[in-house]
Amino acid sequence: MQTAIMSLTTSLCALLLLLSSSSAEIFNKSWWNSTVFYQVYPKSFYDSNGDGVGDLNGITLKLQYVKNSGINAIWLSPIFSSPMADGGYDISNFTEIAPIFGTLEDFEKLVMRAHKLGLKVVLDFVPNHTSDQHPWFQKALQGDEKYKEYYIWADGKNKDDKTPPNNWLSLFNIPAWTYVPSLKQWYLHQFGTIQPDLNYSNPEVVEEMRNALKFWLDKGVDGFRVDSAPYIFEDKELRDEPRSYAPDSTPDQYTYLEPIYTADLKPTYELFGSWRKYLDGYADERNLDQKMLVMETYSSLEHTLEYYDYDVLPFNFLFITNVTNSSTATDFKNTIDLWINSVPYGKSNNWVLGNHDRPRVASRFPGRLDQMTMLSMILPGMAVTYNGDEIGMVDDRNISWADTQDPLARIAGKDHYAAISRDPERTPFQWSAEENAGFSTANSTWLPVNPNYKTLNLQAEERSYQSHYKIYKTLAYLHRKEPALIQGSYASFTTNNGTVLDVIRSSDARTVLLLINFEDDISQTVDLSDYNLPAIMKLKVASLGSRSSLKEWVDKKNIYLPEKAALIYTSFNIQ
Ligand code: GLC
């Protein structure tokens, strides 16, 4: 009898093992499911040659740091040839490395080193436009018919140089059309005037861009973050867009119009769907892990989710767009549930906290950085971190007009640039208290280093008994290794009259519980005796400053939560 039970247990175990190993295989192929994905902004990461600008060799030198932090994939903002009028999002050659960043050989070394360390490398791909310095556009300007067809041209409404073809606005808050006197026509640019939009109705453009993808795949990259995804195709009839009636928007602002003819058009999705298939074919033929294709989109939820119909992963920006520092526990719960319930069954999920276009997470959520890191790491799916957020870097809002680089800010002008500038979140990484925060040995850096670097820097956080960085690192490992987080169930609810958010992840007998106190000045006691949780749990991570008042073990009936605290408790069997 005992033997029968044992053999039943053994075969059950074997079955479970089989099931878990086959799901592990699936997870391995789409490797990003339980990934900690880290955005490197190359100009500001690490300067290896003392010219004041970060570079590829600098990134390579810091890959060990990345790996040690618990991260397992990086994406690099553009590193391609560019006049750098929009930080490299204005590309003049899609298959060349910008000399300020290094050479192709440096890139190959970076990929080799990253792979050796077990890190995936994803590139930023910018398909919507080129730089106006790209030879294609230069030839177009000279009237070369072939290359003119690479871009979108139209006559002015009154066939003159005064009235553009229609009312479309650029995302940089200027008209979306610029007149070229020698050609007596206007070209379209959904961003800066120096970023002419490519014409994807031209099969040659489609082929050129696919070749560029292949070029980098052949260099061993693990996928692409696709820039400005929604804007690839526009209405062929060039119809005027209707007014949005967005509160406070003025006629020159992008938000003044409803972008129904310039964003989220069907052929855009179809193009990316074809790229997904292309990448799958490429990987399958060579028996490689699947290649990532993740889209940058700030579109409506409905349009964002449409990427899933084409098997393409959209970035989830809801923690950037839908919650603020004054959001309640219920707002957070609703935002999280909205996303989780919207993602189609079985599809990958992700949580982005910040990037080079938005104020830093520690500035958006003062005193609540650890809470945000915890959410991104505890919720199901990939966690996405912008470099510097792991140490809690904050925006430098005092960058002078003279030092301002961001074209969006320059367009806004001297009196208005500060509120809109994206430079504050792009300042150099603060490695140490040394000169230039240990980022560079140059006399001056491309953007000034945030003056708070003497106290806010990685080295100080590594030495400190408790720091944002140490919390980040613990969470990153937990995110990647803990079965309750990799494949566990998710439940969330609010308690204490809607002032505490509770998130439970569990699988088999393993449980991870996250508690966030949304009261800034009041400590609370949470009673979770009615919930399916172990009676006694162990403290795993506590937001900075709250740990000293906490016990290592807690009874679920009586969990003490200091003001503003975010805490993670786990079951015994989680190390
Ligand atoms: C994306 C980039 C942003 C850039 C824009 C134009 O939104 O993230 O930095 O300015 O595209 O390429």
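Summary table below
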read-out: Solvent-accessible surface ranking, highest first, for M84, M537 at 1.4 angstrom; value: M84, M537
read-out: Size-normalised alpha-carbon gyration radius of the stretch 150-195, reference 2.2 N^0.38 Å; value: 1.03
read-out: Charge dipole magnitude, Cβ of K and R +1, D and E -1 - the stretch 454-575, Cα centre, debye nearest 20; value: 580
read-out: For E435, solvent-accessible area (1.4 Å; no DNA, RNA or ligand), Å²; value: 140
read-out: Above-threshold pairs, the threshold being 20 Å between Cα atoms, out of K67/K109; K162/K236; K43/K291; K43/K473; value: K162/K236; K43/K291; K43/K473
read-out: Among 363-370, 40-47, the order from most to least packed when residues are scored by Cβ within 10 Å on average; value: 40-47, 363-370
read-out: Relative contact order for the chain, counting Cα pairs under 8 Å that sit 6 or more residues apart, in percent; value: 12
read-out: Using alpha carbons only: equivalent-ellipsoid semi-axes of the chain, gyration tensor based, whole Å; value: 42, 27, 25
read-out: Inverse of mean 1/r across different Cα pairs in the stretch 179-325, Kirkwood, Å; value: 17.4
read-out: Relative contact order (%) - criterion: Cα under 8 Å, at least six apart; region: the stretch 249-357; value: 22
read-out: The stretch 450-518: relative contact order as a whole-number percent, Cα under 8 Å and 6+ apart; value: 20
read-out: The chain - accessible surface per residue (Å², probe 1.4 Å); value: 42
read-out: Normalised per residue, the volume of the convex hull around the Cα set of the stretch 32-100 (Å³); value: 92
read-out: Segments 475-481, 402-408, 135-141 sorted - mean Cβ within 10 Å per residue, highest first; value: 475-481, 135-141, 402-408
read-out: Of N355, N202, T494, farthest towards positive along the dipole that unit charges on Lys, Arg, Asp, Glu beta carbons give the chain; value: T494
read-out: Charged-residue dipole, Cβ positions (Lys, Arg, Asp, Glu), the stretch 522-563 about Cα centre, Debye nearest 20; value: 180
read-out: Top positive-direction residue, dipole computed over the stretch 322-445 with Cβ charges, set G413, N334, S440; value: N334
read-out: Accessible-area composition of the chain, carbon plus sulfur, in percent [1.4 Å probe]; value: 52
read-out: Charge dipole magnitude, Cβ of K and R +1, D and E -1 - the stretch 358-409, Cα centre, debye nearest 20; value: 220
read-out: Dimensionless Rg/Rh of the stretch 40-150 - Kirkwood Rh, Rg from C-alpha atoms; value: 1.06
read-out: Axial C-alpha extent at least 30 Å, average Kyte-Doolittle at least -1.0 - helices from the chain (DSSP); value: 2-29
read-out: Cα-based convex hull, the stretch 349-399, per residue volume (Å³, whole number); value: 72
read-out: Equivalent ellipsoid semi-axes - Cα gyration tensor, the stretch 444-575, angstrom; value: 30, 18, 13
read-out: Space enclosed by the convex hull of the alpha-carbon atoms of the stretch 434-515, per residue, Å³; value: 175
read-out: Alpha-carbon spread of the stretch 473-533, three principal axes, descending order, Å; value: 34, 29, 13
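The values are calculated or read from the model by the stated rules, or taken from the named source; none is laboratory data. Model, not experiment: these values are computed from the prediction. In this analysis, Cβ positions are derived from the backbone assuming ideal geometry, glycine residues included, and neighbour counts consider all displayed protein chains. Quick note on the areas: whole protein, heavy atoms, side chains included, nothing else; ligands and nucleic acids left out. Shrake-Rupley method; radii C 1.70, N 1.55, O 1.52, S 1.80 Å.
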